[in-house]
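Shown next, in structure tokens, is the structure this report addresses.
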Amino acid sequence: MCGITLTIGPDNDLSLARSLHAANAARGPDTQGVYARRVGADLLLLGASVLGLRGAVTAQPKVGTGVLAWNGQVFSGLDVGVHDNDTARLFAALEASEDPLSVLAAIEGPWAFVYIRANKVTFGVDPLSRRSLLLHMPDETCKSLIVSSTRSPLARERVIQMRALEGGEVGVLDLSCLDSKGAISWHSALALSRLPVTVTPVNRVLPASPPEQPAAVEAEVDVFLSQLTAAVRRRVENIPAPPVGGARVAVLFSGGVDCSLLVCLIHAVLPPGEPIDLVNVAFAQPKPRGKDRLSGREAVAELRTAFQREFRFVEVDVDAETSRSLRQLVVDAMYPSDTEMDLSLAYPLYFASLGRGRVDGEEYTVTAKVYFSGLGADEQLAGYTRHRKAFERGGWEGLIDEVQLDLDRLPQRNLARDDRVISVHARDARYPYLDLEFVKYVSALPVWAKCNLALPAGEGDKALIRLATARCGISKTARRVKRAMQFGTKSAKLYQGAPRGYKAGEQRIAD
């Protein structure tokens, strides 16, 4: 993982560039570097900070014929061995190619990058926006072009507006487009476009007659488990082995069915004897009694009964004073996301990533650099209340439309925001349910092989996941009803005066 900062602008913006480099340094504590060159009257600075997660730590920016800053993981699409460094492999592929975007388009995995060769700067994010990259075009507030993983406090104080690149958005900047004064002609020099999203559309075939339930779902469980296990393995096998007694993997753990199934499959692919950290956040009201804490305890008890492995249930308790004192840090981390809903979702991720809690009453700090998340399961397998309402209104066809809408919106939803928040504490988030091969498999299934919303909550929603979880041996957890993170952790009620009622989450926060 890496923090990236590219600035191109006048020398008097150097303090801003330094502040952005400092803000991104937290994302990559293992090594930091800066590449500099003159472009006409402007100064180009490309900074990168690295969190080593694969092979030997490779300093960035990596310089050869071109210059690369890379924040990503290659799971397929490029020949990278389990113990190889993907930055080095990617750099070699880019140096050998006439078309950098064709190399990036073939890669499955989360990524954001900046690559400079001769007078061309190419940058962008993967088709699902699983990594963050913010863009500021020069204006009267700030005359520098900025491409950065996150913003800095100085950028906030100067009211510099940045937006997130989304859904495979890429930019190609021609540094030779200079005006008569030797400055870059920005709007003619920069071309923005999008890589094609390779997610298969949802199967729209309707049942000829009422499908046999749960037989249609039951028949698919073995293949489903095989596909998801492969996605988990791709995300586990390249993580360096931890010190003796340490955990290489942590899981954002509410005790719900999605994250619990991931724990079962991580257990299946990890070497015996390694612990797994299950990080569970609760906010004090006045004591930490969020429902996620109760369901987490129940789920970990069932996991311990089912499997011979040490599951460390890390209880992260956050009191009101701590959450208030760190509010601006969380707001800065999630920017440009700026609603009350964004904040209530960012808070649990921020403190989970911080990783300071208790295990069996003893103080404990998570040392794993990689956090697994169950995000993406609800969208694909009809886990939200709106899916049930769509089914009630429009039957199978209405449900298919709603699931397709969720898939289409994934690049614009939460992934880049979550990356900005989780990486503040030098953690790398991985999403097996959003592995593009797995998404392709699930999308191709007929909808009645995934769910049956004629059945009650906790049974018919995400039925395929629930049957797979029960098959793994944790049947009580398999029936647990979904609860939104902000309500399960109580982060939605952190302070007096917080907005309440319909559409409260859409209100803008004070920056």
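The values are calculated or read from the model by the stated rules, or taken from the named source; none is laboratory data. Everything numeric in this text was worked out from a predicted model, so none of it was measured. Heads up, the Cβs are rebuilt from the backbone with ideal geometry, glycines too, and the neighbour counts pull from every protein chain shown.
Per-residue answers, yes or no, for (1) in a helix (DSSP H, G or I); (2) more than 25 Å from residue 74 (Cα to Cα); (3) charged (D, E, K, R):
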residue	(1), (2), (3)
239	no, no, no
250	no, no, no
261	yes, no, no
279	no, yes, no
302	yes, yes, yes
322	yes, yes, no
342	yes, yes, yes
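Quick grid of which residues meet (1) without any contact (Cβ under 8 Å) to a residue 12 or more places away in the chain; (2) within 21 Å of residue 70 (Cβ to Cβ); (3) outside the structural domain of residue 99 (by TED's automatic domain parsing); (4) exposed (fewer than 13 other Cβ atoms within 10 Å of the Cβ):
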position: 131; (1), (2), (3), (4): no, yes, no, no
position: 143; (1), (2), (3), (4): no, no, no, no
position: 199; (1), (2), (3), (4): no, no, yes, no
position: 231; (1), (2), (3), (4): no, no, yes, no
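I'm trying to understand the selection: among the residues of segment 294-329, which are basic (Lys, Arg) and in contact (Cβ under 8 Å) with a residue 60 or more places away in the chain?
Selection gives 312, 324.
Which condition number in (1) touching a Leu at 6+ places or on another chain (Cβ under 6 Å); (2) part of a strand (DSSP E or B) is the one that residue 358 fails?
For residue 358, the exception is condition (1).
When residues of segment 78-95 are filtered for being crowded, with 18+ Cβ neighbours inside 10 Å, at pLDDT below 95 and touching a Gly at 6+ places or on another chain (Cβ under 7 Å), how many remain?
1
Report yes if residue 79 is part of a loop (DSSP other than H, G, I, E, B) and more than 19 Å from residue 1 (Cβ to Cβ), otherwise no.
yes
I need a count of the residues in segment 5-28 that are under 24 Å from residue 51 (Cβ atoms) and assigned to a loop (DSSP other than H, G, I, E, B).
Here the count works out to 3.
Among 392, 402, 397, 379, which is the only one that is part of a helix (DSSP H, G or I), within 16 Å of the chain's Cα centre (by Cα) and of a type in the set (Asp, Glu)?
379 is the lone residue from the list that is part of a helix (DSSP H, G or I), within 16 Å of the chain's Cα centre (by Cα) and of a type in the set (Asp, Glu).
Take residues that are under 25 Å from residue 200 (Cα atoms) and modelled with pLDDT of 95 or more and tell me which of the strands (runs of 3 or more DSSP E) falling wholly in segment 115-167 contain 2 or more.
120-125
Failed condition for residue 366, given (1) surrounded by fewer than 22 Cβ atoms within 10 Å (Cβ to Cβ); (2) within 23 Å of residue 311 (Cα to Cα); (3) in contact with a Gly (Cβ under 9 Å, 6 or more places away or on another chain); (4) of a type in the set (A, V, I, L, M), with all others met?
Tallying (1) surrounded by fewer than 22 Cβ atoms within 10 Å (Cβ to Cβ); (2) within 23 Å of residue 311 (Cα to Cα); (3) in contact with a Gly (Cβ under 9 Å, 6 or more places away or on another chain); (4) of a type in the set (A, V, I, L, M), residue 366 fails exactly one: (1).
If you go through segment 388-435, how many residues are under 18 Å from residue 354 (Cβ atoms) and of a type in the set (Gly, Ala, Ser)?
Number of matching residues: 3.
Just to be sure, is residue 112 at pLDDT 95 or above and either part of a loop (DSSP other than H, G, I, E, B) or surrounded by fewer than 22 Cβ atoms within 10 Å (Cβ to Cβ) (or both)?
When the stated conditions are applied, residue 112 does not pass them.
Are there any pairs, at least 6 apart or on different chains, whose C-beta atoms fall under 7 Å, with the first in segment 8-23 and assigned by TED's automatic domain parsing to the domain that holds residue 145 and within 21 Å of residue 123 (Cβ to Cβ) and the second of a type in the set (Asp, Glu) and surrounded by 20 or more Cβ atoms within 10 Å (Cβ to Cβ), and if so, which?
Cβ pairs passing all conditions: 8/42; 9/42; 10/42.
Of (1) in contact with a Pro (Cβ under 9 Å, 6 or more places away or on another chain); (2) surrounded by 18 or more Cβ atoms within 10 Å (Cβ to Cβ); (3) at pLDDT 95 or above, residue 340 satisfies all except one. Which?
(3)
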